[in-house]
Number of protein chains: 2
Amino acid sequence: MSWNLAAAKALMLELRQTAMTNERKTGKKPPTRSSPRPQRVRLAGFAQSLAKEWRRLGLPAANARVVVAVSGGADSVALLLSMNELVDANKLRLKLFVAHLDHSLRKDSRADARWVKALARRLGHESLARRVNVKALAAGSGDNLEQAARRARYKFLAKVAKEKQAVVVLTAHTMDDQAETVVLNLLRGSGMDGLSGMEPARQLGEGSEIILARPLLGWARRTDTENYCRSLAVEFLTDEMNTDEKFTRVRVRRQLLPQMESFNPKIVEGLARTAELLREDFAALDRAASRLLELAIEDGAGSRLRIDLLALAPTALRRRALRQWIEQGRGDLKRIERVHVLAVESLLFGDRGGRVIELPGGPKVLRRQKWLEFA
Amino acid sequence: MSWNLAAAKALMLELRQTAMTNERKTGKKPPTRSSPRPQRVRLAGFAQSLAKEWRRLGLPAANARVVVAVSGGADSVALLLSMNELVDANKLRLKLFVAHLDHSLRKDSRADARWVKALARRLGHESLARRVNVKALAAGSGDNLEQAARRARYKFLAKVAKEKQAVVVLTAHTMDDQAETVVLNLLRGSGMDGLSGMEPARQLGEGSEIILARPLLGWARRTDTENYCRSLAVEFLTDEMNTDEKFTRVRVRRQLLPQMESFNPKIVEGLARTAELLREDFAALDRAASRLLELAIEDGAGSRLRIDLLALAPTALRRRALRQWIEQGRGDLKRIERVHVLAVESLLFGDRGGRVIELPGGPKVLRRQKWLEFA
């Protein structure tokens, strides 16, 4: 389930009220019209845009701990610097933690970790680093390097957030990353799920209360992060893997997107917009499918499904509801592909009962009269 | 509304029954197991694939008149030849008509029209041609050439179908055309509507009983149509507009898609699959939005909308329902853009009543207490 704006607003309201309570306790009063205005710190445009997105996403503005994932590249350094700017200017009353995972993929990686630590110290934030051997992890799990690195990173971030009691973890994905993700998924023949790209805010993990937010995703271009770092005279690291064309993502960035730009100079913004539209559609379909599933599950009859309701539903809803039902029935969707959902769907339309579909890793699904059941 | 598979199946069943009735009348019996098998005509693979798709789309197999749009290019000549093959082999018992629109865009266009007429005559099908001045139509309407040509073509096809009492009109769009359409719409920053590409079968026009079908769309590549024509030693015309890179579509075909193929050799199939998945999702969302609209329209209260229900619905459904409501209220969606739907949506969330949104070309929409209304 994705992080829900309504819930976010409720949380924000609660945090504001807590802040007011604290003000009352300390005897500080909120400024009134007649009192002199507090001195305004002039915020950089980049930090202003971040503050606007922060509000739009309904993220907490006070009394919360936030982990910022920093690799040391321009994007994450810009994210850290701008969060730091907002905290310094008292626009956000948050405690920041810097988290850096050393993937051991390059020989400079230890130096990079030291560099990030020094930057955090200079800005006055606690930093936490860890070193993992991504190559070994990849070899052990069968993931490719990018997948293994990603998995290790999010696991590390979740651990840091839990340790530090942070409610939000930030990553510095930009609008360019979003466009690349959409194109990569398109090249793979994805449906709506892939084409809707990354979410600007979601739960960090299933059932987690920690929010993973990407507050640069909706508006910042890669050139913006570089320019912002330069404007503050802060250096950033460059990662040669970002220019290594053996990675598909790098070739999309350096070859395909520039050609798409020759058709539409605003293609990156266009792809980000497409992703946003599809994300809304995706959320609506997912909710409609859940409702269909609720209706189709017979009360008091375990988890068996009414065939008639499912058969009448539009194809896309029916398939989503069946996927959700399978997930509920076996606890996860590991190894479940579209073809398995279609096989289960075919049970709905056969005339005969008694047919059985065996899902990979179990269980079996069978049709008994007017119901689908797990065996 | 899109042509519905369930309705198609019902229609097909009905036509089959009619066919059986006719057989009874003429005293011909359907072949039985014990009777000698009728001599089989060996169908080309291309025609077999067409027959399979014809069944999948639920198109009528007998006792119907079908208009085939033929420009004279490889795609439409292959479509005509393969339909002809299926009719000759008695796989489809249909009467075919060939329709050709001369766009007057090239100086050879009169010769092309004669060529198509001769081909139709050679195959034994009636042909109907018309000549329009697309440049003048474009200048008069503000459409670009491609839009004006398209509009003139579908108008002509609808006219021919009506005159000849045809129930189906066929165009020869291939899977390559579908992939190009998806990419073109992606370059424009489309949402789900554009990315779902062309439909393999839909109503020819709003409320029309004529089906527009594209039976090559789901499987045939452009090379397949050319090879099929060659295998029958039938020539086809080439249109130099198909290689003129001043058209965006041609540049997508000749520059962008080949580069995408370097990432995924099956990109055309992948894009067609993406379009199909999104089409299913689109249909489901559209139906769910209609249902939301039904619930939100107060019975006996004209067309005013209950704000509470809409405000609770997922964003994508709410916006779709509002769009449908606007369309019902003013008869069409001319000049209504996303920004207008968002403006109407903003009325739902404001605290104050009495706000008014003026739609381009009218009417006004206003919030009165718990309802949205047209002024």
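Residues that are of a type outside the set (A, V, I, L, M), surrounded by fewer than 21 Cβ atoms within 10 Å (Cβ to Cβ), over 30 Å from residue A:256 (Cβ atoms) and facing chain A (nearest Cβ under 9 Å) occur in the range B:278-290; there is at least one. The set of residues from the range A:227-244 being assigned to a helix (DSSP H, G or I) and surrounded by fewer than 17 Cβ atoms within 10 Å (Cβ to Cβ) comprises A:227, A:230, A:231, A:240, A:241, A:242, A:243.
The residues of the range B:245-270 that are modelled with pLDDT of 95 or more, part of a loop (DSSP other than H, G, I, E, B) and either open to solvent by 60 Å² or more (accessible area, probe 1.4 Å) or more than 10 Å from chain A (Cβ to nearest Cβ) (or both), listed by number, are B:265, B:266.
Confirm whether residue A:344 is more than 14 Å from chain B (Cβ to nearest Cβ) and in contact with a helix residue (DSSP H, G or I) (Cβ under 8 Å, 6 or more places away or on another chain).
yes
So, in the range A:308-322, exactly how many residues are part of a helix (DSSP H, G or I) and surrounded by 19 or more Cβ atoms within 10 Å (Cβ to Cβ)?
Looking only at that region, the number is 8.
Residue under question is residue B:273, and the condition is that it be out of contact with any helix residue (DSSP H, G or I) (no Cβ under 8 Å at 6 or more places or on another chain) and open to solvent by 70 Å² or more (accessible area, probe 1.4 Å); does it hold? In short, yes.
Being basic (Lys, Arg) and closer than 26 Å to residue B:249 by Cβ holds for only one residue in A:254, A:291, A:279, and it is A:254. A single member of B:222, B:188, B:214, B:230 is within 17 Å of the chain's Cα centre (by Cα) and of a type in the set (Lys, Arg), and it is B:214.
If the condition is being polar (S, T, N, Q), open to solvent by less than 10 Å² (accessible area, probe 1.4 Å) and within 14 Å of another protein chain (Cβ to nearest Cβ), then the range B:153-202 contributes B:178, B:196.
Yes/no per residue for (1) among the aliphatic types (A, V, I, L, M); (2) farther than 13 Å from residue B:69 by Cα; (3) open to solvent by less than 30 Å² (accessible area, probe 1.4 Å):
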residue: B:105; (1), (2), (3): yes, yes, no
residue: B:112; (1), (2), (3): no, yes, yes
residue: B:124; (1), (2), (3): no, yes, no
residue: B:145; (1), (2), (3): yes, yes, no
residue: B:150; (1), (2), (3): no, no, no
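Scan the range A:331-356 residue by residue and report those that are in a helix (DSSP H, G or I), in contact with a strand residue (DSSP E or B) (Cβ under 9 Å, 6 or more places away or on another chain) and either crowded, with 17+ Cβ neighbours inside 10 Å or of a type in the set (A, V, I, L, M) (or both). It would help to see each step written out before you state the result.
Here is the first cut: in the range A:331-356, the ones in a helix (DSSP H, G or I) are A:338-349.
Restricting the remaining residues to those that are in contact with a strand residue (DSSP E or B) (Cβ under 9 Å, 6 or more places away or on another chain) gives A:340, A:343-344, A:346-348.
Across the range A:331-356, the qualifying residues are A:340, A:343, A:344, A:347, A:348.
Scoring residue B:130 on the criteria (1) within 23 Å of the chain's Cα centre (by Cα); (2) without any contact (Cβ under 8 Å) to a residue 60 or more places away in the chain; (3) farther than 24 Å from residue B:181 by Cα; (4) crowded, with 19+ Cβ neighbours inside 10 Å leaves a single failure, condition (4).
The values are calculated or read from the model by the stated rules, or taken from the named source; none is laboratory data. Just so we're clear, the structure is a prediction, and the values are computed from it rather than from any experiment. With ideal geometry, Cβ positions are generated from the backbone for all residues, glycine too; neighbour counts draw on all protein chains shown. Note: accessible area is taken over every heavy atom of the protein model, side chains too, but ligands, DNA and RNA are not part of it. Shrake-Rupley method; radii C 1.70, N 1.55, O 1.52, S 1.80 Å.
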